[in-house]
Every structure is written in C-alpha cells, then in structure tokens.
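The values are calculated or read from the model by the stated rules, or taken from the named source; none is laboratory data. Everything numeric in this text was worked out from a predicted model, so none of it was measured. Please note: Cβ atoms are built from the backbone with ideal geometry, for glycine as well, and neighbour counts cover all protein chains shown.
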C-alpha cells in the first residue's frame, strides 16, 4: 500500500536524523542524540527498516499497456526498458506499467516505454494494413503481427545497454515493492507461437519487424531532470 504524504514526510525526517547520526563530521554527542531521536520516532510511528529503505526508491507509472492479456512483445519491451534504466517493471490491472528504481530513472523508463510502445503499435497497424491485409483468419493475423512486434522490439533495443545497479539500490527497489505490493506475482505474458514451429512466412514477419524497429527513435522529453540517455535505434 502506498504511504500517505504525512507518513512519507515523517519517514524523511527519520532518515535525516539517521544520516546525521552516520555523518563523519558530527561529534559523538550529536550523533548519539540524532540516533536516539530517530529510534524513538521509528517506534512511535511504526516505521521499520524496510520502510526507510523503500523511501530511497521511487515509482513512475506509464500511460500505455495491455489491459489483461499482455503479449510477449510488450513484456519484453518493459523488461528491456527496465534493464536499460536500472528499474523493475510492474504490470497493473487496467492496462498500465510502472517502473521502480532510483530517481530519476523510473520517470525516464516510463517515458521510454510510452514512446517505444506507441511507435511499435503504429508500425504494427501499418504492417497489418499492408503485409497482412490478405490474411483472413483473425488468430493468424494477430499471431503474425505479434511476431512482427517481437522483431521490432529486438531491433529497437539492440543498442541499449543494461545500467549497473548498486547493491543498496537493488535492496531499496526490493523494499519498495515489498511494502507497496506484498502480494505481487510473476507476470505470465501471452506467447501466441508457443509450442509450434514457425513457417517461413512467419519468420519473415519477425525479420520485417527487425528492419522496421531499427528506425525506432527515443529522446528524453523536456522537463525530465536527468541527462539524456543513449539514443535507442538508428541515427
């Protein structure tokens, strides 16, 4: 469950006291008083070490995503974006994703997901209207469009590199997820080609997706408080 703003402020005050207690520049008396106050406030407010650890991480929600059945290509995009910006992705009922990480990475990851998801969907619609326009069976058309998207995502993220995460960042991300989503389960995405051998024309769908995804563009938007990440895709 998400903490209330008042509780978040109290946690920040406790964190500041603990920072003072650990500050090498503080004298012994100041450090002892700060630690005593922090421990007293933690007991009074019911704040745990996990709460404090979680407060150093952040979560940002996206605007896009499958409502119920998440296709494999969308899951792969979220995972690739998460690795690139040092975040853990979470899919939510209602059709959105969130990214949990250390500021400002979650906001950048969410922006990147929205941009690339929108570009992939646009390319998918165009592919269905052109290359798949003669495919009558809806199931076959959806499966082949998924293969196109899988190729698109693979090419779009090919140049991305995973961001190294410090152990303390991993612990903070894990703590935030544990406090907000104690019943979080693993996502099972929909793989419409599972258990079947792809035919030549289906392999071509994937290859055409790779050719299209190589032109994907991603730039950090105005207002994001971070230097632009490496551009993904071709110049």
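Descriptive notes on the structure:
- Which listed residue is touching a residue at least 24 places away in the same chain (Cβ under 8 Å), within 29 Å of residue 14 (Cα to Cα) and part of a strand (DSSP E or B), from 91, 60: 60
- Residues located in the range 191-207, provided they are part of a loop (DSSP other than H, G, I, E, B) and either within 18 Å of residue 120 (Cα to Cα) or in contact (Cβ under 8 Å) with a residue 12 or more places away in the chain (or both): 191, 192, 193, 198
- Considering the conditions (1) surrounded by fewer than 18 Cβ atoms within 10 Å (Cβ to Cβ); (2) touching a strand residue (DSSP E or B) at 6+ places or on another chain (Cβ under 6 Å), residue 107 is excluded by exactly one of them, (1).
- Annotation note: of 65, 82, the sole residue that is in contact with a strand residue (DSSP E or B) (Cβ under 9 Å, 6 or more places away or on another chain), assigned by TED's automatic domain parsing to the domain that holds residue 189, surrounded by 19 or more Cβ atoms within 10 Å (Cβ to Cβ) and in a loop (DSSP other than H, G, I, E, B) is 65.
- The listed residue being surrounded by 20 or more Cβ atoms within 10 Å (Cβ to Cβ), modelled with pLDDT under 95, in the same structural domain as residue 76 (by TED's automatic domain parsing) and within 22 Å of residue 125 (Cβ to Cβ), out of 145, 175, 156: 156
- Looking across the range 18-33, the residues that are in a helix (DSSP H, G or I) and either at pLDDT 75 or above or over 37 Å from the mean Cα position of the chain (by Cα) (or both) come down to 19, 20, 22, 28, 29, 30, 31, 32, 33.
- Screening residue 106 against (1) farther than 18 Å from residue 215 by Cβ; (2) assigned to a loop (DSSP other than H, G, I, E, B) leaves a single unmet condition, (2).
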